[in-house]
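Below is one structure, written out as C-alpha cells; the observations come after it.
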Amino acid sequence: MREVLGNIVRSKILNIVQQDINDLADLGIKAKLAVVIVGNDPSSKVYVRSIEKLCLKMNLLFSLHQIDASTKEIELFNSIKTLNNDKSVHGILCQFPLPINFKNEIVTENISPFKDVDSISPANIAKWATGKYSFIPCTPYAVLEILGHYNIQTSGKEIIILGRSHTVGRPLSILLSNPTFNATVTLCHSKSENLQAITRRADILISAIGKANFVTESFLKKDCTIIDVGINYIEDNTHPQKGYVVGDVDLSSVKDFPCNLTPVPGGVGPVTISTLLLNTLKAARLQLTR
C-alpha cells in the first residue's frame with residue numbers, strides 16, 4: 001500500500017486561500033463562513049471542529065449555528081433564512097447527514113445559491129452538471145484536486161464510486177464523466193448486486209459509503225487507486241480522546257496490497273476543508289458584484 005497524502009495538496013490550496021484573503025482585505029472585506037449543524041452526529045462534529053480551527057488559523061471569520069435534533073424543521077429553515085439575509089456572512093455550509101426527522105430539501109431548496117459553498121442548491125447543481133459552475137461541491141473538489149496533483153490519469157479509466165449521496169457520489173459521477181476527465185464511471189449504492197465483482201474492475205475506487213472498515217482487499221484490483229472519503233467516528237473509552245476517526249477502507253486488510261490509498265485521517269478531509277475556504281472566498285467575490 002502506498003499512501004496518497006492530502007496535506008501537500010491542502011498546502012497548495014491554502015496558499016491561494018491566503019492570497020484571496022489578502023486581496024479581499026485590501027477591499028475592506030473580511031470573509032465569513034457560517035456552519036449549521038443539526039443534532040450530535042459524532043463524525044460531523046469532528047469535521048466542523050476541523051473547519052473552525054482552520055478558519056481561525058487563516059484569519060477567516062467563522063460562526064457555528066447548532067440546532068437540536070428534537071426541534072422542528074422550521075428552526076432549520078429560519079436559521080438558513082437568517083444567514084441568507086445576513087450581509088456579513090459570505091458562505092453557508094449545512095452539515096449532512098441531517099437527523100431522520102429533517103428533510104434535506106429544507107437546506108437545498110432554501111440556501112442562497114450565492115452563499116451555497118457546497119453547491120447543493122438546485123441552481124448550483126444545474127451549473128456544475130452542465131460544466132458552467134461557480135462552485136464545485138467541496139468533497140468532490142478535493143477528490144479532483146488530489147487526482148490532479150498526483151497525476152492520476154482518469155481519461156479512459158474505469159472509476160467505481162461507492163455511495164450516491166447528493167454531496168459526494170452523484171456530483172463525482174457527473175464531474176468525472178465530463179470531457180475534462182473522460183472517465184467511465186459506475187455509481188454503486190446499497191441496492192447494487194455483486195458489489196465486489198464490480199469494484200474489482202476499478203482503476204480508481206472512490207469510497208463514500210460511510211461504513212467503517214467496509215472496503216477490504218477482496219474489493220480491489222491490483223495497482224488501483226483508492227480515494228477514501230469516509231469519516232467514521234469510533235467510540236473508544238480507552239482512547240485518550242474517547243474515540244477516533246477511521247475511513248471506509250480496512251487498513252489492516254489492505255496494508256500489504258499493491259495500491260495507492262488516501263489515508264483517514266490525512267487524505268481527502270484536509271483538502272476538503274481547504275476547498276471549502278476557497279469556495280467561501282469565491283462567494284465573497286461573487287457577492288461584490290451583486
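The values are calculated or read from the model by the stated rules, or taken from the named source; none is laboratory data. It should be emphasised that the depicted structure is a prediction, and the values quoted were computed from it without experimental measurement. Heads up, the Cβs are rebuilt from the backbone with ideal geometry, glycines too, and the neighbour counts pull from every protein chain shown.
Brief remarks follow.
- Test: residue in segment 175-185 that is over 19 Å from CYS259 (Cα atoms), surrounded by fewer than 17 Cβ atoms within 10 Å (Cβ to Cβ) and either in contact with a Phe, Trp or Tyr (Cβ under 9 Å, 6 or more places away or on another chain) or β-branched (Val, Ile, Thr) (or both): yes
- Among (1) crowded, with 18+ Cβ neighbours inside 10 Å; (2) modelled with pLDDT under 95, the one test that HIS239 misses: (1)
- All of LEU76, LEU33, LEU83, LEU64 fail the test of being within 25 Å of GLU105 (Cβ to Cβ), in contact with a strand residue (DSSP E or B) (Cβ under 7 Å, 6 or more places away or on another chain), surrounded by fewer than 20 Cβ atoms within 10 Å (Cβ to Cβ) and not charged (D, E, K, R), apart from LEU64.
- Per-region count, segment 155-167, residues modelled with pLDDT of 95 or more and touching a Ser or Thr at 6+ places or on another chain (Cβ under 9 Å): 8
- For segment 10-21, the criterion of being under 30 Å from CYS259 (Cβ atoms), at pLDDT below 95 and among the basic types (Lys, Arg) is met by none of the residues.
- ALA284 in a loop (DSSP other than H, G, I, E, B) and surrounded by 14 or more Cβ atoms within 10 Å (Cβ to Cβ): no
- Within segment 30-74, the set of residues being within 25 Å of LYS242 (Cα to Cα) and among the aromatic types (Phe, Trp, Tyr) comprises TYR47 only.
- Selection within segment 225-275 - more than 23 Å from LEU172 (Cβ to Cβ) and either outside the structural domain of GLY148 (by TED's automatic domain parsing) or charged (D, E, K, R) (or both): GLU235, ASP236, LYS242, LYS255, ASP256
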